[in-house]
Amino acid sequence: MTQSLADLAAAFSGRLLTDNDDMAPFLTDWGHMRGGKALAVAQPDSTDDVATIVRWCNTNGVPIVPQGGNTGLAGGCIPDQSGTALVLSLARMNKVRSIDLVNNTLTLDAGCILQSVQDTAENHDRLFPLSLGAEGSCTIGGNLATNAGGTGVLRYGNARDLCLGLEVVTANGEIWDGLKALRKDNSGYDLRDIFIGSEGTLGIITGAVLKLFPRPVAQTTCIVSLDSPSRALDLFGLARRRLDTMVTGFEFFSEECLTLVLEMFDDARRPVETRGPWYVLVELSDLQSEDSARENMQNLLETAFEQGAISDGAVATSVSQARAFWALRERLAEAMAKSGKVIKHDVSVPVSSVPQFLDEADAAMARGWPDIRFIVFGHLGDGNVHYDFISKKGADQDAFHAQQDAINAVVHDIVVKHRGSISAEHGLGTLRRDEADRYRDPVERGLMRAVKAAFDPHNRMNPGKLLA
Ligand code: FAD
């Protein structure tokens with residue numbers, strides 16, 4: 001090595017970890033499903049620091065694994081077992097750089113935690129609408145690198161739609177200043193859009209310009225029980241026709257999901273008397289008044305009831321009850337992790353195809369695996385279904401998990417038949433890399449490889465992730 005690791009450690013005093021115990025938290029993923037080894041973990045404070053580290057890695061032939069909050073669910077931010085890679089954690093780069101309340105934009109470091117970004121926006125009477133279960137730990141850089149979705153996509157779009165500009169350290173250690181706060185910019189290839197969703201395989205996002213929105217004056221949340229995903233779609237159609245962009249949340253989950261959350265969390269309560277088999281959480285956001293929000297929700301539920309779309313419903317009467325309703329949906333990932341091993345699918349199909357996809361997948365799964373628990377939930381308004389499985393109580397966890405590949409093939413074949421995606425919002429990482437490649441159109445495969453080769457000719461940026 002032209003400049004040794006010890007020299008780099010001296011230059012980054014206290015911010016370059018090489019001790020195994022110190023590195024451990026950076027080497028295992030959120031669900032403790034995957035672990036790896038690393039040469040070192042670097043914790044830069046600035047974009048210049050990141051560039052210095054990337055150049056050192058280049059000179060010494062060291063692969064780089066960018067890491068934000070380490071909440072990714074596809075294995076993208078964990079190094080492999082070789083112990084040759086450097087994990088580059090953005091966690092210390094967590095400063096807001098500027099806020100422009102006329103342009104409604106926030107410019108910040110990529111290591112800012114999502115929740116703190118939401119809080120900053122709120123402190124300025126604005127909304128930053130990206131919202132997901134890991135928001136207390138995940139970072140904006142990670143959100144952009146995975147093009148995260150979450151619960152606000154229906155109204156505000158995913159992370160890509162919320163970003164106007166980026167600053168990136170390229171694979172050869174140069175800094176690209178694309179921190180433009182423009183809503184219109186047709187000046188050539190959109191580099192920002194190429195880096196967003198690239199899972200750290202093309203460059204390291206060090207800064208971003210985010211869009212802010214007016215804060216709703218009032219929000220109202222309800223949970224309804226209903227007979228089937230088709231009924232849920234009827235309710236969705238009604239809500240969108242009547243209330244359009246006021247519908248800011250439309251999440252669905254099954255009775256089995258609710259039962260699991262009730263089993264795992266003592267403080268969780270059934271939201272409505274009449275049992276499912278399906279539930280939908282609807283959130284309306286209103287820019288006028290609390291009364292208007294409540295009235296709109298009441299009218300929506302009355303019509304839905306008259307039309308036979310819903311069986312029962314409860315509207316939250318306080319902020320804490322609304323939070324408790326949301327928690328039933330948001331605690332599902334944690335409830336599954338607590339229950340043991342999980343076989344997950346983060347798929348999307350056109351919204352109109354969700355009921356048919358579920359019918360076909362349920363039938364195929366029931367034929368092959370009658371003894372597992374179906375945990376089916378998701379962002380119905382985006383056609384995004386988390387089609388997950390856990391084992392029955394007392395079953396052999398390893399034997400259950402050994403069926404993963406066979407189950408994936410059954411579920412994903414049906415998704416692809418509906419022209420859907422086998423990774424709606426979590427990215428490919430290592431988890432879905434090979435399957436995605438198998439389903440990929442050859443022309444698309446060639447173009448993706450050409451992009452990778454152009455941005456990272458020596459394959460140093462997160463090698464082995466997203467593309468084989
Ligand atoms: P990490 O996990 O650290 O990294 C994820 C990927 O991005 C890796 O490939 C990594 O190399 C790359 N990366 C990270 N930072 C950078 C950077 N600065 N530059 C370049 N590459 C980078 N996701 C959703 O989309 N919707 C959900 O509803 C959702 N709910 C979740 C709920 C729970 C309980 C958990 C644990 C996760 C959930 N996720 C969800 C997944 C995860 O939170 C998101 O993918 C999140 O965007 C990852 O951010 P992070 O900072 O933790 O990134």
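Could you check how much of the accessible area of the range 372-468 is carbon and sulfur, as a whole percent, using a 1.4 Å probe? Numbers along the way, then the final one.
Numbers: 2440 of 4390 Å².
The nonpolar share, carbon plus sulfur, comes to 56 percent.
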- Dimensions (Å) - the chain, Cα atoms, principal axes, largest first: 74, 56, 46
- Task: Could you state how much accessible area ARG373 has, in square angstrom rounded to the nearest 10, with a 1.4 Å probe and all protein chains kept in place?
- Result: 20
- Note on the structure: Rounded to the nearest 10, the angle in degrees between the Cα long axis of helix 404-417 and the longest principal axis of the Cα atoms of the chain comes to 70
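Determine the per residue accessible area of the chain with all protein chains present and a 1.4 angstrom probe, expressed in square angstrom. Before the final figure, lay out the partial values.
On the way: 20260 Å² over 468 residues.
Each residue of the chain exposes 43 Å² on average to a 1.4 Å probe.
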- Query: What span do the alpha-carbon atoms of the range 100-236 cover on each of the three principal axes, reported in whole Å from largest to smallest?
  - Reply: 55, 32, 32
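With r defined as the distance between the Cβ atoms of SER13 and TYR189 and R0 fixed at 45 Å, what FRET efficiency is calculated, to the nearest 0.05? Mind dumping the intermediate values first?
Values: r = 40 Å, r/R0 = 0.88.
After rounding, the FRET efficiency stands at 0.70.
Using just the helices of the chain, give the 222 nm mean residue ellipticity in deg cm²/dmol: DSSP H runs with n ≥ 4 each add -39,500 (n - 2.57), and the total is spread over all residues, rounded to 500. Let's see the in-between values first.
Values: 17 runs with 167 residues, N = 468.
The helix-only estimate for the chain comes to -10500 deg cm²/dmol at 222 nm.
Find the lysine pairs in the chain meeting two conditions, Cα atoms under 12 Å apart and a separation of 8 or more places or different chains, and report how many there are.
On the way: LYS180/LYS211; LYS341/LYS392; LYS341/LYS393; LYS452/LYS465.
For the chain, the number of qualifying lysine pairs is 4.
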- Cα long-axis angle, helix 255-264 against the chain (0 to 90 degrees, to the nearest 10): 60
- Sequence-distant or interchain residues sharing an amide H contact under 5 Å with ASN147, placed H: which? GLY197
- Carbon-plus-sulfur fraction of the accessible area of the range 15-70, 1.4 Å probe, in percent? 45
- Item | Whole-number D in µm² s⁻¹ for the range 158-229, Kirkwood Cα-pair radius fed into Stokes-Einstein, 37 °C, 0.692 mPa s | 221
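Compactness ratio of the range 20-75: Cα Rg over 2.2 N^0.38 Å, N = residue count? Don't skip to the answer; put the middle values down first.
On the way: Rg = 12.4 Å, N = 56, 2.2 N^0.38 = 10.2 Å.
Rounded to two decimals, the normalised Rg is 1.22.
Longest exposed-loop-site-free stretch of the chain, with GluC sites (Glu not before Pro), DSSP loop and at most 15 other Cβ within 10 Å? Display every interim value, and only then the final one.
Details: sites that count: GLU174, GLU273.
For GluC sites (Glu not before Pro) (loop position, at most 15 other Cβ atoms within 10 Å), the longest site-free span of the chain is 274-468.
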- Between rounded, prolate and oblate, where does the range 211-290 land on the alpha carbon gyration tensor, with a ≥ b ≥ c its root eigenvalues, rounded for a/c under 1.5, else prolate if a/b exceeds b/c? oblate
- Item | Centroid-to-centroid separation of the range 316-344 and the range 172-217 [C-alpha atoms, Å] | 32
- Query: Taking H as built 1.01 Å from N, whose amide H comes closer than 5 Å to the amide H of ALA40, not counting residues under 5 places away?
  - Reply: VAL87
- Message: Using alpha carbons only, how many angstrom separate the centre of the range 414-468 from the centre of the range 150-165?
- Response: 22
- Expressed as a whole number of Å, what is the distance separating the alpha-carbon centroids of the range 258-297 and the range 32-79? 40
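Taking loop as defined by DSSP and a crowding limit of 11 other beta carbons within 10 Å, which trypsin sites (Lys or Arg not before Pro) in the range 407-468 fit? All intermediate terms of the calculation are to be shown ahead of the outcome.
Numbers: sites: LYS417, ARG419, ARG432, ARG433, ARG438, ARG440, ARG445, ARG449, LYS452, ARG460, LYS465; in loops: ARG419, ARG432, ARG440, ARG460, LYS465.
Counting only loop positions with at most 11 other Cβ atoms within 10 Å, the trypsin sites (Lys or Arg not before Pro) in the range 407-468 are ARG419.
Would you list SER391, SER311 from the most to the least accessible area, probe 1.4 Å? Provide the component values of the computation, followed by the final result.
Values: SER391 15, SER311 40 Å².
Final ranking, largest accessible area leading: SER311, SER391.
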- Note on the structure: With Cα coordinates, the longest principal axis of the chain makes an angle with the long axis of helix 442-455, in degrees rounded to 10, of 40
- Query: ARG438 to ALA402: extension gain in nm, 0.36 nm per residue of separation minus the Cα-Cα distance?
  - Reply: 10.9 nm
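The values are calculated or read from the model by the stated rules, or taken from the named source; none is laboratory data. The shown structure was predicted, so the numbers you read here are calculated from the model rather than taken from an experiment. Methodologically, a virtual Cβ is constructed for each residue, glycine included, from the backbone with ideal geometry; neighbour enumeration extends over all protein chains shown. The area values use the complete protein model at the heavy-atom level, side chains included, leaving out ligands, DNA and RNA. Shrake-Rupley method; radii C 1.70, N 1.55, O 1.52, S 1.80 Å.
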